[in-house]
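S.K.: Dropping a structure here in structure tokens format, bear with me for questions.
No lab work stands behind these numbers, since they all come straight from the coordinates. Just so it is clear, the model here is predicted, and its values are computed rather than measured. Quick reminder, even Gly has a Cβ in these numbers, built from the backbone with ideal geometry, and neighbours come from all protein chains shown.
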């Protein structure tokens, strides 16, 4: 996929990972626009309103879980790249991520993991 | 106390698999806390729930904070990350240092602790499920504050209880990773361990 990133949507019900991921992105990729959502529903609404190039999605969120959100994002073609970021590192979660043509990063998110992901896709 | 429905080989295998699972989650916690996490040997009991309170109170007094996740799948029960109130604050301080603006430190403490529970318990349970080639689902993590009895609950119902104590390198701060599975899950655990041992040509 050669669609590069301009806008990232961070989806996590907990503020700590949202703060950490935003801080890494601001420091290393200040040109990116970063959006946040605390639930799957909120993320879907956000992605329907504006183009999102990469969604960083926690799986274990209240209401619509991250995998279901991923299915909707794919079904409506709302996001080019999806990366699940989760402590649920079971093979079944990784397999579901692969079925959605999404990447998978085990929590906790680190500077190295996020930079590798972004550089692998490329910044517009 | 050692009234197990598992045979000796199954018991030892489960301890070893839990050791690997907890070890994986300790490495994740170490990454979050930027410090070495020391673990005790896992202890496994099949006991009434009220005895769990006594076992935890041997190592901690006063109020505790517990991050809980309900667990369903080939085993059902609760997973908890339990800290004394004092050590929970100290761990959160280490984790948040340099990550969030100073003015948000106090406000963020509870969410940070829940995220620690999410990552540690999620990693531990996922590793266990993968090792046994089984599937588990977990609830969204939530916190409970109170006495050990309030956090654990009481009753004579027997449960399979695993405890591992952990501490980090900056001293006395410690907590417990506890898994409490319904005894009804023991048959599934026993079958899953047999299948695992068979795959290794041990049975």
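S.K.: Beyond 21 Å, what share of the Cα-Cα pairs of region B:48-118 is found? Please give it as a whole percent.
M.R.: So the pairs more than 21 Å apart make up 38 percent of the total in region B:48-118.
S.K.: Going by C-beta contacts inside 10 Å, put B:154, B:59 in order with the fewest on the left.
M.R.: By the 10 Å Cβ count, ascending: B:154, B:59.
S.K.: Determine the gain in length on full extension of the stretch residue B:97-residue B:183; use 0.36 nm per residue of separation and subtract their C-alpha separation, reporting nm with one decimal.
M.R.: This chain segment gains 26.9 nm when fully extended.
S.K.: Would you mind giving the mean number of other chain beta-carbons within 10 Å of the Cβ of each residue in A:100-107, as a whole number?
M.R.: 2
S.K.: Between residue A:99 and residue B:89, what's the calculated FRET efficiency when r is the beta-carbon distance and R0 is 35 Å? Round to 0.05.
M.R.: 0.25
S.K.: Kindly provide log₁₀ I(q)/I(0) values, in the same order as q = 0.15 Å⁻¹, from the Debye equation applied to equal alpha-carbon scatterers of region B:8-199.
M.R.: For region B:8-199 at q = 0.15 Å⁻¹, log10 I(q)/I(0) is -0.87.
S.K.: How large is log10 I(q)/I(0) at q = 0.14, 0.15, 0.21 Å⁻¹ when the Debye formula is applied to the Cα atoms of region B:85-203, each weighted equally and without solvent?
M.R.: Log-scaled intensity ratios, in q order: -0.78, -0.87, -1.31.
S.K.: What's log10 of I(q)/I(0) for the protein assembly as shown at q = 0.10, 0.11, 0.15 Å⁻¹, Debye sum over Cα points only, no solvent?
M.R.: One equal scatterer on each Cα of the protein assembly as shown leads to -0.60, -0.72, -1.22.
S.K.: Here is a further query. Would you mind pulling out the separation of the Cα centroids of region B:116-133 and region A:1-42, in Å?
M.R.: Value for the Cα centre distance between the two parts: 25 Å.
S.K.: Right, something else. I'd like the mean, over residues of A:8-17, of how many other protein chain beta carbons sit within 10 Å of each residue's own Cβ.
M.R.: 5
S.K.: Using only atoms on other chains, find how many Cβ atoms lie within 10 Å of each Cβ of peptide B:108-116 and report the average.
M.R.: Average per residue, whole number: 4.
S.K.: Using just the helices of chain B, give the 222 nm mean residue ellipticity in deg cm²/dmol: DSSP H runs with n ≥ 4 each add -39,500 (n - 2.57), and the total is spread over all residues, rounded to 500.
M.R.: Value at 222 nm, helices only: -15000 deg cm²/dmol.
S.K.: When B:92, B:151 are ordered from fewest to most other Cβ atoms inside 10 Å of their Cβ, what list results?
M.R.: Least to most surrounded, the residues fall as B:151, B:92.
S.K.: When the label point is put 7 Å from the Cα of residue B:135 along its Cα-to-beta-carbon vector, which residues of region A:92-123 have a backbone N closer than 14 Å?
M.R.: A:92-97, A:99
S.K.: Based on other C-beta atoms within 10 Å, arrange A:118, A:59, B:20 from fewest to most.
M.R.: Fewest-to-most ranking of A:118, A:59, B:20: B:20, A:118, A:59.
S.K.: Here is a further query. What is the Cα centroid distance between region B:1-32 and region B:66-114, reported in whole angstrom?
M.R.: 22 Å
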